[in-house]
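The values are calculated or read from the model by the stated rules, or taken from the named source; none is laboratory data. Predicted, not measured: the structure shown is a model, and the values here were computed from it. Cβ placement follows ideal geometry from the backbone for every residue including glycine, while neighbour counts extend to all protein chains displayed. All accessible areas refer to the heavy atoms of the entire protein, side chains included, with ligands and DNA or RNA removed. Shrake-Rupley method; radii C 1.70, N 1.55, O 1.52, S 1.80 Å.
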Amino acid sequence: MPAAWSQRTGNAGDPFVHGEEVFAQHCAECHGDLGQGVSGVVSIAGPNLQAEHDLGHVLTAIEVGPSHMPSFARTLSVQDMRDAAGFVTHKIAVIPMEDGNLSQGGELFRMYCSACHRTAVRGGALVFDGVNAPDLTTKSRALIAGAIRWGPGPMPKFPPAVLSDQQVASIADYVKYVQHPPSPGGSPMNWYGPVAEGFVAWVVVVSMIVVAMWIERGGKG
Amino acid sequence: MSGFPARFVDSRLRLARITRRALNHIFPDHWSFMLGEVALYSFVILVETGIFLAMFYKDSTVQVIYRGSYHALDGVKMSAAYRSMLHISFDVPAGLLIRQMHHWACDIFIGAIIAHQARIFFTGAYRKPRELNWIVGVTLLLLALANGYFGYSVGGDLLSGAGMRIGYAIMLSVPVIGPWLTFITFGGTVPVTATIPRFYALHIFVVPALISLLIGAHLWMIWWQLHTNYPGPKRTDKLIVGSRLWPSYTLKSLGLFFLLFAVVAMLGGLVQIDPVWVYGPYNPVAILPGAQPDWYLGWVEGAMRLFPGVNFRIGGYLVPELFWPGFFFPVMTFAVLYCWPFIEKLISLDFRPRNVLRWPYQQPFTTALGCAVAAMMVVLEFAGGDDVVALASHARLAAFRELLRVLVFVVPVLTGIVAYLVCVWWRRRRASDDAALRAGNEAVEELTLPQ
């Protein structure tokens, strides 16, 4: 058990002490002792939880078990789950996620993230490792912030010396914004860019050829 | 009512005769003769929308702070050029529609030029006496590509800045003269403030003027030499069959123009193209995957992605890997295109004027070669967008790229062989059909003559 939590939480009747015990026993294997996330062996990889401030969200995750995570509804009592969730949101979650700034987040995203994830945050194919940078459209703010600190898989870590907590919050704001951006000017074609545009252009050129054939037939059939 | 002004003009300028002759000018009736018109009308749309955009675009790289309607970029430092792009997209009434129409018209313009050129190629319309017009046509394609690149480069967004930087790198890779070439073209080491104003001046004055001039020459030559004809009844090298300029041809052609305008306007409103606000302002240290040129330069991009990392020195001068796919390959492609009518003369030894077209199967070698080159271009286009294709199909990019390195040779060879065999088979079938027809005709003559 990490000593850091005991020093913070103090007396034995504190729910955080119990939450810490549950966390250490059931969560730390995949999420790390400090909730910093574990990567490497994919089957036990768990995301960084240091931006999970939403108690209800964490509690649901423990109960339901999203994605690869198992459900703890049968293994743990309701009190265990509540304490563990409280421990996560109050003690593990050290990234405040406050004072984010959308346009600053965009600047930082273009500087640090877009080279793999694209400015449209829809992911990109990379030449190394055969790994594609994932689409971020379904990720929560907490997962985005956690991933920045954690560096899952081949993604680099961005420690506080590189990106401050406020900057992490800004990047999360930007990603959330671009997940469902206003899209003036019609269908964005999943932001695939000039490749999709070129395809559409050729569809039009071929259609114009068909139109020319139709005109030459006197507009019949 | 209209008689008086018409008489007034004609009694002074004597235009009636020449107008009558012009209106009776014959145009052959075949759909494939309209491909060039699609290109011409796309150019008309480009000029119209371009004039509108020029009223709002600023060709300046002065750094400014954005305070506009797109709040995701509020307070961000950017070039004045990029700010004006955002201004056109979000604040100018109908600005985004016109901007998107301009870009779509460009993509369609070059597509139509290539479709038109393919028709000319596969039917042998470039043969004597029309070699000069082929050269004008290839020049028009080259100018269209160049102007597309200039337009793409002046946006000031991340994608356009990356494209400009790649163009710069290609030019710099030319051994010995590279640095001078880039200096006179880009005005220094990109990113440099001189480039956007230069490209903008070329984009809106020089190249469109040249294109207009050459379109005039192109059409004048067609008018003067008359159109070619497809093989058919009464069509010989001395006689043309078709409909008159007025009214039937003019109305057909106008109909095509209105349809094209409608399609471009529809695309401009319904399908996003080049969403500059998503890319953000250009920053030399930033980049994104899925960064492609517009499709008409995708083949060069594809060649650069597939080419292996080979660098060597000739007489102490470095020949970088980028030179071969980025500069040498496109230059050679255009050199062959320019010379093709003359190269083919050496193969076919046909030096007579040809006003009747040939069907593609009648010249199997030329057709096979054209198909092989087209197939190679398609593979290279896929290579240029390989990361987007890999992302969309969940394929492994590195493996896909290795596959493309094989396909870029295998697919053209196979396509060429198949096209050749199909042509030969077709020619043989037509020959036997013709023989049967001739035999039938003779039988009919024998039957009818005694009466």
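Odds and ends about this structure:
- Condition check for B:Tyr361: part of a helix (DSSP H, G or I) and in contact with a Cys (Cβ under 7 Å, 6 or more places away or on another chain): yes
Yes/no matrix, rows are residues, columns are (1) open to solvent by 50 Å² or more (accessible area, probe 1.4 Å); (2) among the small types (Gly, Ala, Ser):
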site: B:Tyr338; (1), (2): yes, no
site: B:Asp350; (1), (2): no, no
site: B:Arg405; (1), (2): yes, no
site: B:Val413; (1), (2): yes, no
site: B:Ala419; (1), (2): no, yes
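- Check on B:Phe327, more than 29 Å from B:Pro129 (Cα to Cα), part of a helix (DSSP H, G or I) and without any contact (Cβ under 8 Å) to a residue 60 or more places away in the chain: no
- B:Arg99 passes every criterion in (1) open to solvent by 20 Å² or more (accessible area, probe 1.4 Å); (2) under 23 Å from B:Ser42 (Cα atoms); (3) of a type in the set (Lys, Arg) apart from (1).
- When the stretch B:104-125 is filtered for residues that are over 30 Å from B:Thr367 (Cβ atoms) and facing another protein chain (nearest Cβ under 8 Å), only B:Trp104 remains.
- Taken residue by residue, the stretch B:142-150 has no member that is open to solvent by less than 10 Å² (accessible area, probe 1.4 Å), in contact (Cβ under 8 Å) with a residue 12 or more places away in the chain, farther than 30 Å from A:Met213 by Cβ and assigned to a helix (DSSP H, G or I).
- Looking only at residues of the stretch B:29-42 that are touching a His at 6+ places or on another chain (Cβ under 6 Å) and at the interface with another protein chain (Cβ under 10 Å from one of its Cβ atoms), we find that the one that is nearest to B:Gln100 (Cα to Cα) is B:Ala39.
- So A:Ser164, is it surrounded by fewer than 17 Cβ atoms within 10 Å (Cβ to Cβ), among the hydroxyl-bearing types (Ser, Thr, Tyr) and facing chain B (nearest Cβ under 8 Å): no
- Meets criteria (within 7 Å of another protein chain (Cβ to nearest Cβ), touching a Lys or Arg at 6+ places or on another chain (Cβ under 6 Å), assigned to a helix (DSSP H, G or I) and not aromatic (Phe, Trp, Tyr)) for A:Ile209: no
- Test for A:Phe72: is it within 12 Å of A:Ala84 (Cβ to Cβ) and modelled with pLDDT under 90: no
- Residue check for A:Pro159: outside the structural domain of A:Ser67 (by TED's automatic domain parsing) and surrounded by fewer than 17 Cβ atoms within 10 Å (Cβ to Cβ): yes
- Within the stretch A:128-150, if we keep just the residues that are within 11 Å of the chain's Cα centre (by Cα) and outside any helix (DSSP H, G or I), the residue that is surrounded by the most Cβ atoms within 10 Å (Cβ to Cβ) turns out to be A:Leu136.
- Qualifying positions in the stretch B:249-273 - open to solvent by 50 Å² or more (accessible area, probe 1.4 Å) and either touching a residue at least 24 places away in the same chain (Cβ under 8 Å) or more than 7 Å from chain A (Cβ to nearest Cβ) (or both): B:Leu251, B:Leu254, B:Phe258, B:Phe261, B:Ala262, B:Met266
- Counted residues, the stretch B:304-321 - those being open to solvent by less than 60 Å² (accessible area, probe 1.4 Å) and more than 22 Å from B:Val406 (Cβ to Cβ): 3
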